[in-house]
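Reviewing the structure listed below.
The values are calculated or read from the model by the stated rules, or taken from the named source; none is laboratory data. Keep in mind that what you see is a predicted model, and the values were worked out from it rather than measured. Here the Cβ is made from the backbone with ideal geometry for all residues, glycine too, and neighbour counts use every protein chain on show. These area figures cover heavy atoms from the full protein model, side chains too; ligands, DNA and RNA do not enter into them. Shrake-Rupley method; radii C 1.70, N 1.55, O 1.52, S 1.80 Å.
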Amino acid sequence: MKPWAPRSLTVRLAVLFALATLLTFTLVGSYLYYSLARQLESHDDQELLGKVALMQHLVGKAGSVQAIRDDPHLFMDAALGHNDLLLILRSADGAPLLDTQPAAGNLPALPLSAIDQTPDQQSRKNLRTSAGMPVRATALWGKIDRSGEQVQIIVAHNVSDSVAMLDSYRSQIVGAAVCGALLSALLGYVLVRRGLRPTRLIARQAHSITAQRLDRGLDVASAPYELQQLVLAFNSMLDRLHDSFQRLSQFSADLAHDLRTPINNLMVQTQVALAQPRNVEEYQGLLVSNVEEYERLARMLDNMLFLARADNAHVAVAREQLDCHQELQRIADYFEGVAEDGGVRLSIAASGNMLADPMLLRRAIGNLVANAIRYTAPGQVVRMEASQQPHSTCITISNPGPQIAEAAIPRLFDRFYRADPARSDSASSAGLGLAIVQSIMKLHGGQVELSRSADHMTVFTLNFPKPPDV
């Protein structure tokens, strides 16, 4: 914002109203001023041309140039009663013959129109005499019919009254424009302030919203139509904030709960060991148990650090062209021992290539396969499949495990959330695996979906978008 710009929207609109009114009055006043000036000039020209025609006629009837010099009364009688008319006659060589108002002063040189030619617009000039009198003047040649001599005829009309009228009219226009602008600014300020009253009501409603009352949105019905979209957007933002606060509160509670279990285990085991002297084997067993808890805490902190970096786009994605079957086979080989211990078999059906970060891809699929093995009964099969779609590569991990409740699906990818409460204290899972999968898919611009197939298989689908040029 410019330093001189008013910060108040009401003042700014009032100033804009004033400027718009001033501009309108100025344009309209200028149009009226120039229209009046043209009308007055046209009136002066009609009178001027009438006198020019009369002077041409009188010059033509005169006997000679000397006769005009000796007896100019005929011409003076023609100008009698016209105090605003200046008539100057000169011989062909410029010698003065007649000047009806010598006190008005001399006129500047004027172009002379031809004999018997009506002075055109270019030959009629607005001038000032040497005495400062404003005039509308024209000059032409006249011819004496009897002797054939030529005479310079100069006719001027005093336009002092017209000039004074235009000056007064211009002053009135300026005064009206300034007064109109001030009145418009005052009325604009009052009307805009009254019109913006709903915004002040909305501001008071917004002030009443606190972190504990984020579910209380603004009243859309009381807002003007022009502000309803803004109010709806604000309410949507409040809903997102409310949901984020709830998730943050739940995250804090879940984090405290999951950290408490290994810390309690470490503390209780250590206290029991210190309660009385132990042999070396017992101390070694305690240290081995503590190392397991430390490893669990380290995995949890590592996962939380990854999620935090992914949320802030601090994880670099190095995409490479990967063979889908080869990547799934690599993951199957890694989990082969775990699957055999659980009596679960892994099957692969994949073809084609995909563009992804190999480390992040293996981590996402590995989390899904680990969950699938954990919840698959012995003797069942976990399927790992990859297929090519027109705009994406789809990787699916499906297993015949227990059905996930519909109410749990929206929160399934939340951090520390477990769909099975009975396993909430399991040391094998911290509830971050699916959240990591979702973050990895967002880093790739894709998405993860959960569905239930017709044969009661739980299916996780990873959609990796293809680049436009692929």
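For the reader, a short list of remarks on this structure follows.
- Filter pass, I348 being more than 45 Å from the chain's Cα centre (by Cα), outside any helix (DSSP H, G or I) and at pLDDT 90 or above: yes
- Among the residues making up segment 180-210, those that are of a type in the set (S, T, Y) and modelled with pLDDT of 75 or more are S184, Y189, T199.
- Yes/no for R383 being under 24 Å from A435 (Cα atoms), charged (D, E, K, R) and touching a Ser or Thr at 6+ places or on another chain (Cβ under 6 Å): yes
- Residue within segment 37-50 that is of a type in the set (G, A, S), modelled with pLDDT under 85, farther than 30 Å from D167 by Cβ and surrounded by fewer than 17 Cβ atoms within 10 Å (Cβ to Cβ) present: no
- Which numbered condition G342 fails, given (1) at pLDDT 80 or above; (2) open to solvent by 40 Å² or more (accessible area, probe 1.4 Å); (3) within 28 Å of I395 (Cβ to Cβ): (2)
- Figure legend. Inter-residue proximity from segment 97-114: first residues over 23 Å from K143 (Cα atoms), second residues loosely packed, with under 11 Cβ neighbours inside 10 Å, beta-carbon distance below 6 Å, spacing 6+ or different chains. Indicated pairs: G105/S130; N106/S130.
Residue-by-condition table, conditions (1) surrounded by fewer than 12 Cβ atoms within 10 Å (Cβ to Cβ); (2) at pLDDT 80 or above; (3) farther than 30 Å from A18 by Cβ:
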{"position": "Q152", "(1), (2), (3)": "no, yes, yes"}
{"position": "Q212", "(1), (2), (3)": "yes, no, yes"}
{"position": "P224", "(1), (2), (3)": "no, no, no"}
{"position": "Q246", "(1), (2), (3)": "no, no, yes"}
{"position": "S249", "(1), (2), (3)": "yes, no, yes"}
{"position": "D258", "(1), (2), (3)": "no, no, yes"}
{"position": "T261", "(1), (2), (3)": "no, no, yes"}
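- Among residues of segment 172-210 being open to solvent by less than 50 Å² (accessible area, probe 1.4 Å) and assigned to a loop (DSSP other than H, G, I, E, B), the one that is nearest to Y33 (Cα to Cα) is L196.
- Screening R363 with (1) under 16 Å from H444 (Cα atoms); (2) more than 51 Å from the chain's Cα centre (by Cα); (3) basic (K, R) gives one miss only, at (2).
- Each residue in segment 226-244 was checked for being within 24 Å of L13 (Cα to Cα) and either open to solvent by 80 Å² or more (accessible area, probe 1.4 Å) or in contact with a His (Cβ under 9 Å, 6 or more places away or on another chain) (or both), and 3 of them qualify.
- Scanning segment 113-148 for residues that are more than 14 Å from L85 (Cα to Cα) and surrounded by 18 or more Cβ atoms within 10 Å (Cβ to Cβ) yields S113, P119, R124, L140, G142, I144.
- So Y169, is it of a type outside the set (D, E), open to solvent by 50 Å² or more (accessible area, probe 1.4 Å) and within 26 Å of L13 (Cα to Cα): no
- Selection within segment 268-324 - open to solvent by 60 Å² or more (accessible area, probe 1.4 Å) and of a type in the set (K, R): R278, R299, R309, R319
- Considering A181, A206, the condition of being in contact with a Phe, Trp or Tyr (Cβ under 8 Å, 6 or more places away or on another chain) and touching a residue at least 60 places away in the same chain (Cβ under 8 Å) is satisfied by A181 alone.
- Selection from segment 61-81 of residues that are in contact with a Lys or Arg (Cβ under 7 Å, 6 or more places away or on another chain) and in a helix (DSSP H, G or I): none
- Close pairs (8 angstrom Cβ cut-off, 6 or more residues apart or separate chains): on the phi > 0 side of the Ramachandran plot in segment 427-448, modelled with pLDDT under 75 and not in a loop (DSSP other than H, G, I, E, B) anywhere: G431/D254; G431/D258
- Residues of segment 438-453 that turn out to be surrounded by 14 or more Cβ atoms within 10 Å (Cβ to Cβ), of a type in the set (S, T, Y) and farther than 14 Å from R363 by Cβ, as a count: 0
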